[in-house]
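The values are calculated or read from the model by the stated rules, or taken from the named source; none is laboratory data. This structure is a prediction, so every number in the text was calculated from the model and none was measured. All Cβ positions, glycine included, derive from the backbone under ideal geometry; neighbour counts span all protein chains shown. Just the protein is used for accessible areas: all its heavy atoms, side chains included, with ligands, DNA and RNA removed. Shrake-Rupley method; radii C 1.70, N 1.55, O 1.52, S 1.80 Å.
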Amino acid sequence: MAYDDTKTPLLPVNDRNQPSSPPPPPPPFSPKSMATLKNFYILLGPLLCAVICLCVTFDGPTTSRNMLAVTAWVFAWWLTEAVPMPMTSIAPLFLFPLFGIASADGVARSYMDDVVTLLLGSFMLVLAVERYNVHRRLALNITLRFCGEPVNPPFLLLGICATTAFVSMWMHNVACAVMMMPVATGILQRLPVNPTDGSARAATPINNFCRAVVLGVTYAAPIGGMSTLTGTGVNLILAAIWKSTFPEAKPISFNTWFLFGFPLALLIFLALWVILCLLYLSKGSSRALAAYLDKAHLKRELDILGPMAFAEKMVLAVFGTTIALWMTRSITEDIPGWGALFRGRAGDGTVSVMVATLLFILPNGKQKGEKLMDWNECKKLPWNIILLLGAGFAIADGMQSSGLADILSKALDFLEQVPYIAIALVVCLISAIITEFITSNDAAATLLVPLLSQMARTANVHPLALMVPGAIGSQLAFMLPTGTPPNIVGFTTGHIDIMDMMKTGLLLKIVGTAIVSLLMPTLGAYVFVTKGGLQ
């Protein structure tokens, strides 16, 4: 049934002119039919919750134990996917009041704040970009500049990856990977390469170039997302947890994060390019590709799109306006930005929703009265990510209010003995291991970042000195196809196998961890003012 069609009835309508056949009888019920692995996973969450409530005691309020039990329940369902992830994400709405952790109104507020509205408006802008193929035109134009004549494989790879990273800076990395992978594989379609079927492949220059391109797009999406606050859900989770945990402190604005995130992402991106060139691009690559890939192919792809339409220009104008407003809302202490005109009441989410509203007001120039966006397009909004973000905020608030964060932070008292310059390395390694082998990066950040904020107090360091490396480390999931959704997007193209991801991902994880460890005590200390503790 087409649920997006407003004329489709919600309930089936019987046609009296057609004979109705009786429904088939249901299968007989038996206890054995209930003994499935899926049902076991469903029971696992409540069972863990019950075991913790009955067997675990803390030297603190009862709510701290209850919070641990509820967290185990929610994460068990998240990890096993026993219940659809969006439904698991709203489970705190009934679990917190039932276990005395927070009131119904209190936990509901966690699901809608400035950071959630920032993400909501950004997704609407992404849908507009996707609707008018702006991303594809941008990708082909930039890649055309890097192709070279004859083709230069390293620089062509750089152009494709740089385009992906740039697009990912302004939209969620999952959406970026989904949109950019067809662009990349479209460029590879002219090459005589057979996708892998799991067997060993000949290490030809063409095969290696294809693997480099797919791996580059796969990894450039999350790396580019590290640059901006809206590029990935982890950055938004970090900003929201910082705001809710330390409301008196200066919030992490779009501009503040960009000052740290862009140099970080740039260094990791350059490392990705170098690794791919060393592993996959031999000296004979240019000669092998010259007969199949040149500027003429890219120009034909661009010609198919035709001249830029009025709607595309309007979307680009709105897109540029959004970026400008984000970056100028709060600039420096001496130059406060336009946000000072509203006495700090306007946030990045204010800009995001205001610009999204413009999309429903501005005409697209195609038909009279038709706007750039209509609500039917917004039915594609990824509510699962939005609800997951809200659940992360609710869990973070619950850990603080229940006292669980204080108790768990004592488990890492050893950080007091770790030198300041090594703290980022230790935290980033722990976070990177957890997100690779245990859970997704958003879920890992949701679990770790609130704990790290409390551990920082115990270790007598600025909370962001731990929270930022923990958040960045949770995004370094490059080794396994299941690590992040972009990894799955790349793996399903058939051009790469697990060994490609393990080899490239391990090197990139090591280099990324080293870069975070060096930047956080230096550039991070300047941007986030982490020296001397929280003021």
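Observations, loosely collected:
- Taken together, the criteria place LEU95 among residues that are under 25 Å from ILE386 (Cα atoms) and at pLDDT 85 or above.
- Subset of the stretch 98-128 (residues that are small (Gly, Ala, Ser), modelled with pLDDT of 85 or more and within 14 Å of ASP397 (Cβ to Cβ)): ALA102, SER103, ALA104, GLY106, ALA108
- Elements of type helices (runs of 4 or more DSSP H) contained in the stretch 33-126, each with 2 or more residues being open to solvent by less than 50 Å² (accessible area, probe 1.4 Å), within 27 Å of VAL178 (Cβ to Cβ) and free of Cβ contacts under 8 Å to residues at least 60 places away in the same chain: 62-80
- Considering residues of the stretch 256-297 that are surrounded by 18 or more Cβ atoms within 10 Å (Cβ to Cβ) and assigned to a loop (DSSP other than H, G, I, E, B) only, the residue farthest from the chain's Cα centre (by Cα): LEU293
- LEU341 satisfies every condition listed in (1) more than 17 Å from ALA311 (Cβ to Cβ); (2) open to solvent by less than 70 Å² (accessible area, probe 1.4 Å); (3) free of Cβ contacts under 8 Å to residues at least 12 places away in the same chain except (2).
- Checked against the criterion of being at pLDDT 85 or above and open to solvent by 10 Å² or more (accessible area, probe 1.4 Å), the candidates ASN152, ASN208, ASN194 yield just one match: ASN208.
- Within the option set LEU372, LEU362, LEU381, LEU358, being in contact with a strand residue (DSSP E or B) (Cβ under 9 Å, 6 or more places away or on another chain), surrounded by fewer than 21 Cβ atoms within 10 Å (Cβ to Cβ), in contact (Cβ under 8 Å) with a residue 40 or more places away in the chain and within 28 Å of ASN133 (Cβ to Cβ) holds for one residue only, LEU362.
- Considering the stretch 155-184, and only residues there that are open to solvent by 10 Å² or more (accessible area, probe 1.4 Å) and free of Cβ contacts under 8 Å to residues at least 40 places away in the same chain, the residue that is farthest from LEU270 (Cα to Cα) turns out to be PRO182.
- Residue within the stretch 129-136 that is open to solvent by less than 20 Å² (accessible area, probe 1.4 Å), assigned to a helix (DSSP H, G or I), aliphatic (A, V, I, L, M) and at pLDDT 90 or above present: no
- Of the residues examined, SER244 is not one that is outside any helix (DSSP H, G or I), open to solvent by 30 Å² or more (accessible area, probe 1.4 Å), touching a residue at least 24 places away in the same chain (Cβ under 8 Å) and more than 30 Å from LEU372 (Cα to Cα).
- Selection count, the stretch 328-348, where residues are at pLDDT below 75 and part of a helix (DSSP H, G or I): 0
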